[in-house]
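The values are calculated or read from the model by the stated rules, or taken from the named source; none is laboratory data. The structure presented is a predicted model; accordingly, all values stated were derived computationally and were not measured. Note that each Cβ is placed from the backbone with ideal geometry, even for glycine, and that neighbours are counted across all protein chains shown.
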């Protein structure tokens, strides 16, 4: 026995409940540690030891779906959109609360990016692409991750084997992922262009997403 706890559906369900009902940072940290292990599950060159291990595709799917649907709303709860005196949104890249959450945000974005590179199942790729749109406002503080996400989106859009719906969504998201890393650069010269840090959800039409075979 290696002493590394095995992630179960019950554990993921408990973390999900704690996020939804209490916005628990403790459960958020545990969920993201498990997500990190899941994202690197099939990385043959990775010899690191993770806080959790996963040996079931059902648990893996449950973990990914739970993370992508509930982590960003938890970030949003702790980092609500703030406005200036003139009513414009402030950037989400500063403040004591942000400093606390920054490592968790970075971990989530990095592992979502890695997962997107590794996935082969088209339904899951489509799901990750759709749900990752919620993280747009948090990419401001991580321009390198934003650029890498744009590269992955472009690759998905140009891959012949990609599902058509994934290609369409990648097109819709490219504009968002392109402008996110530019915001910190503009800030160095003049006040932040707040219109670039909106929720962007209005740019991606809401469409029904059928997750055949995925738990919720």
Quiz item: Residue check: is residue 23 under 19 Å from the mean Cα position of the chain (by Cα) and in contact (Cβ under 8 Å) with a residue 60 or more places away in the chain?
Solution: no
Self-check item: Single residue of region 72-92 satisfying the filter (within 16 Å of the chain's Cα centre (by Cα) and assigned to a loop (DSSP other than H, G, I, E, B)) that is farthest from residue 139 (Cα to Cα)
Solution: 79
Quiz prompt | Residue check, residue 27 crowded, with 18+ Cβ neighbours inside 10 Å and not assigned by TED's automatic domain parsing to the domain that holds residue 98 | solution = yes
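Any idea how many residues of region 35-48 are more than 12 Å from the chain's Cα centre (by Cα) and either assigned by TED's automatic domain parsing to the domain that holds residue 112 or in contact (Cβ under 8 Å) with a residue 60 or more places away in the chain (or both)?
Qualifying residue count for the region: 4.
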Exercise. Using the structure shown, decide if residue 18 is in a helix (DSSP H, G or I) and more than 17 Å from the chain's Cα centre (by Cα).
Key: yes
Quiz item: Does region 38-46 contain at least one residue that is at pLDDT 85 or above, closer than 23 Å to residue 148 by Cβ and surrounded by 19 or more Cβ atoms within 10 Å (Cβ to Cβ)?
Solution: yes
Exercise. List the number of the failed condition for residue 90; all other conditions in (1) assigned by TED's automatic domain parsing to the domain that holds residue 41; (2) loosely packed, with under 15 Cβ neighbours inside 10 Å hold.
Key: (1)
Exercise. Can you confirm whether region 49-62 contains a residue that is closer than 17 Å to residue 73 by Cβ, over 19 Å from the mean Cα position of the chain (by Cα) and not in a loop (DSSP other than H, G, I, E, B)?
Key: no
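Of the residues in region 103-149, how many are without any contact (Cβ under 8 Å) to a residue 12 or more places away in the chain, touching a helix residue (DSSP H, G or I) at 6+ places or on another chain (Cβ under 6 Å) and assigned to a helix (DSSP H, G or I)?
Number of matching residues: 0.
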